Amino acid sequence: MSSPDSVAKHDEKYLVRAIRADEWPAVKALRLEALQDPVAHLAFLETYADAAARPDSFWQDRAAGAAEGSTEVRQFIAEGPDGEWVGTVTLLMEEAGTTDWAGFPIEQRQGHVVGVYVRPEHRGCGLTEVLFDEALRWAWEAGAERVRLIVHEDNGRAQRFYRRVGFLPSGRTVPLASAPGSDELEYVLARP
């Protein structure tokens, strides 16, 4: 009998599931690939050079912390028919009474979507929606009152997708220390 953590969502072409701790080499490989995407500078706060320089122990810890069974972080991946990882999304749980990475107060238990990436040849077929469905299902089951994400003001493709799946701008902006004059925008989705 499978536990709720091992439930995976199938669609006709993909298997979407939480990662396992021992899959850290694949976690590392997909992240490094994502950081080489042409819009990575808009989508991620980390650079390829910084990520590539991290030791294997970093990737092992990262995978263990976001694997199935984790209650505070969960990374979901999409596998193609050949078992190859073709997309990912990670959801962090944030607790009321704490502050986030930018120093803003967290007022309610909420999920925070990060690390969204789908290989270019798999975009536009509904896979990102399937990944989001699984991440949101987990967030609601984990007691999130809302889910949020941060998107660069110049990343129009991502903003359009987030609106299509129900996220709306909250009005909060996060200035980027690494790029003065650029802002990230907070989008939120209330619990259904």
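The values are calculated or read from the model by the stated rules, or taken from the named source; none is laboratory data. On a predicted model such as this, the values are computed, not experimentally measured, just so you know. Note that we place each Cβ from the backbone using ideal geometry, even for glycine, and neighbour counts take in every protein chain shown.
Could you list, in sequence order, all residues of region 60-95 that are without any contact (Cβ under 8 Å) to a residue 60 or more places away in the chain, in contact with an Asp or Glu (Cβ under 6 Å, 6 or more places away or on another chain) and surrounded by fewer than 16 Cβ atoms within 10 Å (Cβ to Cβ)?
none
Return the residue satisfying two criteria in turn: it lies in region 79-125 and is outside any loop (DSSP other than H, G, I, E, B) and over 17 Å from the mean Cα position of the chain (by Cα), and of such residues it is farthest from Ala29 (Cα to Cα). Spell out how you get there, then give the answer.
Taking region 79-125 first, the residues outside any loop (DSSP other than H, G, I, E, B) are 79, 85-94, 99, 105, 110-118, 120-122.
Next cut, over 17 Å from the mean Cα position of the chain (by Cα) only: 99, 105, 121.
Values: Thr99: 30, Pro105: 33, Glu121: 17 Å.
Among residues in region 79-125 that are outside any loop (DSSP other than H, G, I, E, B) and over 17 Å from the mean Cα position of the chain (by Cα), the one farthest from Ala29 (Cα to Cα) is Pro105.
Residue under question is Ala190, and the condition is that it be in contact (Cβ under 8 Å) with a residue 40 or more places away in the chain, in contact with a strand residue (DSSP E or B) (Cβ under 7 Å, 6 or more places away or on another chain) and surrounded by fewer than 14 Cβ atoms within 10 Å (Cβ to Cβ); does it hold?
The answer is yes for Ala190.
Considering only residues that are more than 16 Å from Asp56 (Cα to Cα) and part of a helix (DSSP H, G or I), look in region 5-22 and name the one that is modelled with the highest pLDDT.
Per the criteria, the residue is Asp5.
What are the pairs with Cβ atoms under 8 angstrom where one residue, in region 132-145, is surrounded by fewer than 21 Cβ atoms within 10 Å (Cβ to Cβ) and the other, located anywhere, is among the hydroxyl-bearing types (Ser, Thr, Tyr)? Sequence gap at least six, or different chains.
Ala142/Thr71
Please enumerate the residues belonging to region 34-53 that are more than 15 Å from the chain's Cα centre (by Cα) and either among the hydrophobic types (A, V, I, L, M, F, W, C) or surrounded by 15 or more Cβ atoms within 10 Å (Cβ to Cβ) (or both).
Answer for region 34-53, where residues must be more than 15 Å from the chain's Cα centre (by Cα) and either among the hydrophobic types (A, V, I, L, M, F, W, C) or surrounded by 15 or more Cβ atoms within 10 Å (Cβ to Cβ) (or both): Asp37, Val39, His41, Tyr48, Ala49, Ala51, Ala52, Ala53.
Within region 81-105, how many residues turn out to be out of contact with any helix residue (DSSP H, G or I) (no Cβ under 8 Å at 6 or more places or on another chain) and under 24 Å from Ala64 (Cβ atoms)?
Residues that pass the stated criteria total 8.
Yes or no: region 62-78 includes at least one residue that is touching a His at 6+ places or on another chain (Cβ under 8 Å), in a strand (DSSP E or B) and either at pLDDT 95 or above or under 14 Å from Gly115 (Cα atoms) (or both).
Yes, some residue in region 62-78 is touching a His at 6+ places or on another chain (Cβ under 8 Å), in a strand (DSSP E or B) and either at pLDDT 95 or above or under 14 Å from Gly115 (Cα atoms) (or both).
Identify, from the list Pro175, Pro169, the residue that is free of Cβ contacts under 8 Å to residues at least 24 places away in the same chain and surrounded by 14 or more Cβ atoms within 10 Å (Cβ to Cβ).
Of Pro175, Pro169, the one residue that is free of Cβ contacts under 8 Å to residues at least 24 places away in the same chain and surrounded by 14 or more Cβ atoms within 10 Å (Cβ to Cβ) is Pro169.
For region 23-41, which residues satisfy the criterion of being outside any helix (DSSP H, G or I) and not polar (S, T, N, Q)? So that I can check it myself, show each step before the final result.
Looking only at region 23-41, we keep the residues that are outside any helix (DSSP H, G or I), and these are 35-39.
Result: Leu35, Asp37, Pro38, Val39.
With the structure loaded, tell me whether Asp56 is surrounded by 13 or more Cβ atoms within 10 Å (Cβ to Cβ) and not aromatic (Phe, Trp, Tyr) or whether it fails that test.
The answer is no for Asp56.
Test Arg109 against the stated conditions and say whether it is buried (at least 16 other Cβ atoms within 10 Å of the Cβ) and touching a residue at least 60 places away in the same chain (Cβ under 8 Å).
Here the answer is no, as Arg109 does not meet what is asked.
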